[in-house]
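In what follows, a single structure is set out as structure tokens and then discussed.
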Amino acid sequence: MNKSNFPNYQHRSGWNALLPERPARASLKQDISIDVAIVGAGYTGLAAAKRWQELAPGDAIAIIDSSEIGEGNPGRNSGFLLEISLANDANPNEISRMQRCNELIAASMQKILRAVENSAENCQLKRRGTYRAAAGKAGMKALQQYRSFLEAANLPYEELSRDDLAQRIGTQFYQRGLYSPHCYLAQPAALIRSLASQLPDDVQLYENTAALNLHQQGGGWIIETAEGNIAAKKIVLANNAFAKFLGIGKSQLVAMYTYAGMTPVLDQALLDGLGTDENWGLLPTHRLGSTLRRIEDGRLLVRSLYGYEKEISHNKVAKELKENLDKRFPQLSNIHFEQIWGGAVGFTMNGGSIWGQVKPGLFASCGCNGGGVVKGSLFGELLADLANGQPVPNVAQLFGDASWMPPEPFRAIGFQLISRLQRFLGRAEI
């Protein structure tokens, strides 16, 4: 199995390809000594840096990222920013806990809105809500569970029939659906570019600088990179599943690669037959189902498939994504993708995260489980609070603590068996 301690993608992010070229910040070329080093310039890392600078403005802070802003994982997701807990976290039997989670996530969403409201980047950040829809038995069961959570939490939603969905989003593929207003949609590459551009001037950002090794030295830490080492008093790991290659979460984290295909801008005649909602997002009820977006410029996006710890064949990805799109929109059978790309997601067995101080002076937030924008931003800010002695909520109690996974090769074998079973049970949703 070809593994790397950082992702090295086969293809450019389709979202980033739509934006003007952006000159990357310089990579690290020499040894430096600072107070705080943050590994990962995603939503978690940027939020941690911003909050840390507010709490300790005299500290020297540096962020390193193995890629470039917009090309890394934060610019490769589907652009959903949920104001409430993820469907997989939703539990109608624990409403008080879920309501506290919702409060924290909603507050973090408002901070993101304020951060980008005057941005030069067009993040396309709009509160468009989200659809969830089911095509088969497994999907209908999951849809009912999510509706029970929304009702118990007294959150608004609309229940939609097949005809309702066809009228609004142009597909007869699903039996039933729900619409929840508690979601923003964004251009994720533009969003992460905007947030990175607003880092305080005294926070150093080094792009194309991968953390190759991490070890303690004296009372601090050393991060080894290709062309320079970083000596830091404190470290924040915000590189998701790839933290395990630096010694954190080896028995709890796995990198799963998911894949997206984006069409060119569709002709108006086709768009006229794709429902009345011109900017929408649909999340699957089943974990292996397909995510859909209709983007405001007239493109469609479909996201599906999972690859364990490495990217799978581009031809296989292109074929299956096209099949998934055609099943939902047979009128687009002659349309081919303009962009196809993959992105890594940090998963844990039970959906919990690795969060907090994992060793003296070493803080981590890893295992986003597909919810890395708003929840990741919240976790980054709270991690900075924790490291600077501020009061924080009990993150593990509220959001879950990552459980143990079996070692390789049993982990990979288990994934293959479970994914095959889940694909069979949820085959109607794929």
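Worth a mention:
- The residues on offer are A412, A387, A396, and the sole one that is under 25 Å from the mean Cα position of the chain (by Cα) and more than 18 Å from A241 (Cα to Cα) is A387.
- Within the range 57-144, strands (runs of 3 or more DSSP E) holding 2 or more residues that are small (G, A, S) and either over 20 Å from P156 (Cβ atoms) or in contact with a helix residue (DSSP H, G or I) (Cβ under 8 Å, 6 or more places away or on another chain) (or both): 130-134
- Within the range 384-398, the set of residues being of a type in the set (V, I, T) and touching a Ser or Thr at 6+ places or on another chain (Cβ under 9 Å) comprises V395 only.
- Residue count, the range 375-405 (criterion: touching a Gly at 6+ places or on another chain (Cβ under 7 Å) and free of Cβ contacts under 8 Å to residues at least 40 places away in the same chain): 1
- Condition check for S313: surrounded by 21 or more Cβ atoms within 10 Å (Cβ to Cβ) and not basic (K, R): no
- The range 417-430 residues that are in contact (Cβ under 8 Å) with a residue 40 or more places away in the chain and closer than 13 Å to S304 by Cα, paired with ones that are assigned to a helix (DSSP H, G or I) and not aliphatic (A, V, I, L, M) (beta carbon under 6 Å, 6 or more apart): E429/G139
- Strands (runs of 3 or more DSSP E) contained in the range 172-283 and holding at least 2 residues within 29 Å of W15 (Cα to Cα) and of a type outside the set (G, A, S): 176-180, 183-185, 203-206, 229-237, 254-262
- Of everything in the range 218-227 that is at pLDDT 95 or above and farther than 12 Å from L362 by Cβ, the residue that is surrounded by the most Cβ atoms within 10 Å (Cβ to Cβ) is T225.
- Among the conditions (1) among the hydrophobic types (A, V, I, L, M, F, W, C); (2) at pLDDT 95 or above; (3) farther than 18 Å from V374 by Cα, the only one that F6 does not satisfy is (2).
- Only a single criterion out of (1) free of Cβ contacts under 8 Å to residues at least 24 places away in the same chain; (2) among the charged types (D, E, K, R); (3) more than 23 Å from G70 (Cα to Cα) is not satisfied by D201, namely (3).
- Where strands (runs of 3 or more DSSP E) sit wholly within the range 311-430, those with at least 2 residues that are in contact with a Cys (Cβ under 9 Å, 6 or more places away or on another chain), at pLDDT below 95 and over 26 Å from I230 (Cβ atoms) occupy 339-347.
- All positions within the range 142-165 that are in contact (Cβ under 8 Å) with a residue 40 or more places away in the chain and either under 30 Å from R22 (Cβ atoms) or out of contact with any strand residue (DSSP E or B) (no Cβ under 8 Å at 6 or more places or on another chain) (or both): Q145, S148, F149, E151, A152, A153
- For the range 299-310, the criterion of being surrounded by fewer than 19 Cβ atoms within 10 Å (Cβ to Cβ), at pLDDT 95 or above and hydrophobic (A, V, I, L, M, F, W, C) is met by no residue.
- Given (1) over 21 Å from R420 (Cβ atoms); (2) surrounded by 21 or more Cβ atoms within 10 Å (Cβ to Cβ), number of the condition L271 does not satisfy: (2)
- Against the test of being at pLDDT below 95 and under 24 Å from the mean Cα position of the chain (by Cα), the options E94, E121, E68 yield a single qualifying residue, E121.
- Scanning the range 19-37 for residues that are under 25 Å from W221 (Cβ atoms) and assigned to a loop (DSSP other than H, G, I, E, B) yields a count of 7.
The values are calculated or read from the model by the stated rules, or taken from the named source; none is laboratory data. Owing to the predicted nature of the structure, the values given are computational and were not obtained by experimental measurement. Methodologically, a virtual Cβ is constructed for each residue, glycine included, from the backbone with ideal geometry; neighbour enumeration extends over all protein chains shown.
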